[in-house]
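Colleague: Mind looking over this structure? Questions follow.
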Amino acid sequence: MLTDGRTEVESGVEGLRLAVGDDGVAVLLIDRPAKRNAVTLAMWQALPGLLAALAADQRVRVLLLAGAGEAFSAGADIAELLHVYGDPERADAYHATNVAAEEALAAFPRPTIAVIAGPCVGGGCQLAIACDLRLAESGARLGITPAKLGVVYPAVPTARLVRLVGPARAKYLLFSADLVEAERAAALGLVDEVVPSGGLADRALALARTIAGRSPQTLGAVKDVVNAVLAGNDPQIAVEPWERKSRYAPDVPEGLAAFVERRPPRF
């Protein structure tokens, strides 16, 4: 299990678990397996604060987002939505909370990887798309299903989906509201890698540990520049603070020395 051997950190909310390891990898676990890890309003509300605390923890170099049991997440808790959509103002507030959680995940300053097993639907898929990378186990099924419910999907996750897969594929996913198998999701650009059944946790940890061993300076610059490009901002402005820092920070001397000495760098 992804949390094995890691120190549990109190999340303060039922349904979310945090664990941090000495390898620089943190795990944020959606933990409502009896409800296929459906996300409650309290969980949406808690996510920005939890992510801010993780961002401030200097031990954390990579964040894995996963679901407990046999599902990543079935999305928003439908039992709550029945009450939310009975009041227009309450619905507006719910959407704002949902989008704030997504944006907090997308803005997390270090690499994030969604580890997808089983269903990844609706709000669960929204969170997976807000991560930097997505690994899916063969047999996982992904879909964005507001069209089945009559819900107007917010602009922020719609735009993020378009940037990830392109306009036609985004329309296909949102128009049909169909769930697609992991292999089809990879062909659409929704998933970065499909892992054979039974190997997802090992592959996710191996990739996370590889990334955790790379230069935080390089990774931070890459993330900021890519985000600037996606937002239509000037990537040169995004990279300049990193370039200035790199002239004095120890990463480059250490990386070059490690290469010459044929040893792993100690960033």
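Read-outs: derived from the displayed coordinates by stated rules, not from any lab. Bear in mind the structure is a predicted one, so any value in this text is a computation, not a measurement. FYI the Cβ positions are ideal-geometry reconstructions off the backbone, even for glycines, and counts take in every protein chain you see.
Colleague: Calculated from DSSP H runs of 4 or more alone, at -39500 (n - 2.57) each and per residue, what is the 222 nm mean residue ellipticity of the chain, nearest 500?
Modeller: It lands at -15500 deg cm²/dmol.
Colleague: Within the set of other residues whose C-beta is less than 10 Å from the C-beta of G5, count the net charge using Lys and Arg as +1 and Asp and Glu as -1.
Modeller: So the surrounding residues net to -2.
Colleague: For the ranges 16-29, 59-72, 236-249, 139-152, what's the packing order if you count other beta-carbon atoms within 10 Å of each residue, average per peptide, and put the highest first? The partial results should precede the final answer.
Modeller: Numbers: 16-29: 20.4, 59-72: 22.1, 236-249: 12.5, 139-152: 18.1.
Going by the mean number of other Cβ atoms within 10 Å, highest first, we get 59-72, 16-29, 139-152, 236-249.
Colleague: Let me ask another. Using Cα positions and a limit of under 22 Å, work out the lysines in reach of K171, with same-chain residues fewer than 8 apart set aside.
Modeller: The qualifying lysines are K148.
Colleague: Distance in nm between label sites at Q58 and A91, each 7 Å beyond Cα in the beta-carbon direction?
Modeller: Here the answer is 4.8 nm between the modelled labels.
Colleague: While we're looking at this one, here's another question. Relative to the present Cα-Cα distance, how much length would full extension add between E254 and E8 at 0.36 nm per residue of separation?
Modeller: That pair, E254 and E8, stretches by 85.4 nm at full extension.
Colleague: Using only Cα atoms, find the angle between the long axis of helix 88-106 and the longest principal axis of the chain, and express it within 0 to 90 degrees, rounded to the nearest 10.
Modeller: 20
Colleague: Checking the cross-link filter: which lysines have an alpha carbon closer than 23 Å to that of K245, excluding same-chain neighbours under 8 positions apart?
Modeller: Within the straight-line cut-off, K245 pairs with K223.
Colleague: Let me check I've understood the local charge: for R209, count other residues with C-beta under 12 angstrom from its C-beta, Lys and Arg +1, Asp and Glu -1. What total comes out?
Modeller: After counting each charged neighbour, the total is 0.
Colleague: Students often check this: by mean Cβ neighbours within 10 Å, which of 163-172, 220-229 ranks highest, and how do the rest follow?
Modeller: Ranked from most to least packed, the peptides come out as 220-229, 163-172.
Colleague: Okay, moving on. Nearest 5 is fine: what % of DSSP beta bridges in the chain come out antiparallel, could you say? Walk me through the numbers before you get to the answer.
Modeller: Values: 10 of 32 bridges.
Among the beta bridges of the chain, antiparallel pairing accounts for roughly 30 percent.
Colleague: With charges set only on the Cβ (+1 for Lys and Arg, -1 for Asp and Glu), what does the dipole of the chain come to about its Cα centre, in debye to the nearest 20?
Modeller: Approximately 540 debye in magnitude.
Colleague: Which value in nm describes the separation of the simple spin-label points at A177 and V229, placed 7 Å from the Cα toward the beta carbon?
Modeller: So the two model labels end up 3.5 nm from each other.
Colleague: A follow-up question, please. If you work out Cα Rg over 2.2 N^0.38 Å from the coordinates, which of (1) 1.02; (2) 1.17; (3) 0.94 do you get?
Modeller: After the calculation, the listed value that fits is (1).
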